[in-house]
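The values are calculated or read from the model by the stated rules, or taken from the named source; none is laboratory data. Bear in mind the structure is a predicted one, so any value in this text is a computation, not a measurement. Using ideal geometry, Cβ is built from the backbone for each residue, glycine included, and neighbour counts are taken over all protein chains shown. Only protein heavy atoms, including side chains, enter the accessible area calculation; ligands, DNA and RNA are left aside. Shrake-Rupley method; radii C 1.70, N 1.55, O 1.52, S 1.80 Å.
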Amino acid sequence: MLTINGSTVKSPSSMEIQLFEVGDATRRNAAGEQIIDRIATKRRISLSWAVMTPEQLSSLFSAMGDPPFFTVSYFDPVTGLARTTTCSCDERSTGILRITDGIPVWRDVTMTWTER
């Protein structure tokens, strides 16, 4: 369901894709009609994983790498097909469900990626 820089990662429990317009501010012309200078339509992908092992979480972060941008392949709601794009990670958070024998089990892992 999801690959990052060519690596398959654990499928998210939830994935929401938001389409947003990039362009100049909306304004009105002399006739009162709305004018929009659309440059592009981009996607913002919100993901969450209910529970992850340390290995799964590490694999996810490793796949994203160190640079601010990474390549993501996912199913796009507009085309219904697999789509590959370049994103950056805007935010990420997680909590600990429990620690067993010194090993954490992560819960509610969330990330938001924005298309470049």
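Here are the numbers for this structure:
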quantity: Any hit, the stretch 67-75, residues being in a loop (DSSP other than H, G, I, E, B) and either open to solvent by 60 Å² or more (accessible area, probe 1.4 Å) or of a type in the set (Val, Ile, Thr) (or both); calculated: yes
quantity: Some residue of the stretch 20-37 being open to solvent by 40 Å² or more (accessible area, probe 1.4 Å), free of Cβ contacts under 8 Å to residues at least 40 places away in the same chain, assigned to a helix (DSSP H, G or I) and closer than 27 Å to Asp108 by Cα; calculated: no
quantity: Of all residues in the stretch 1-19 being of a type in the set (Val, Ile, Thr) and within 18 Å of Arg116 (Cα to Cα), the one that is surrounded by the most Cβ atoms within 10 Å (Cβ to Cβ); calculated: Ile4
quantity: Matching entry among Thr79, Thr71, Thr100 (being in contact (Cβ under 8 Å) with a residue 40 or more places away in the chain, of a type in the set (Ser, Thr, Tyr) and more than 19 Å from Ser14 (Cβ to Cβ)); calculated: Thr71
quantity: Qualifying residues in the stretch 76-116 (those that are of a type outside the set (A, V, I, L, M) and not in a strand (DSSP E or B)) - the one least open to solvent (accessible area, probe 1.4 Å); calculated: Asp76
quantity: Every residue from the stretch 47-61 that is under 16 Å from the mean Cα position of the chain (by Cα) and either assigned to a loop (DSSP other than H, G, I, E, B) or surrounded by 14 or more Cβ atoms within 10 Å (Cβ to Cβ) (or both); calculated: Leu47, Ser48, Trp49, Leu57, Ser59, Leu60, Phe61
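Table: residues versus (1) of a type in the set (Lys, Arg); (2) touching an Asp or Glu at 6+ places or on another chain (Cβ under 6 Å); (3) within 18 Å of Met1 (Cα to Cα).
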position: Arg27; (1), (2), (3): yes, no, no
position: Gly32; (1), (2), (3): no, no, no
position: Asp37; (1), (2), (3): no, yes, no
position: Phe70; (1), (2), (3): no, no, yes
position: Thr84; (1), (2), (3): no, no, yes
position: Ser88; (1), (2), (3): no, no, no
position: Ser93; (1), (2), (3): no, no, no
position: Ile103; (1), (2), (3): no, no, no
position: Thr110; (1), (2), (3): no, no, yes
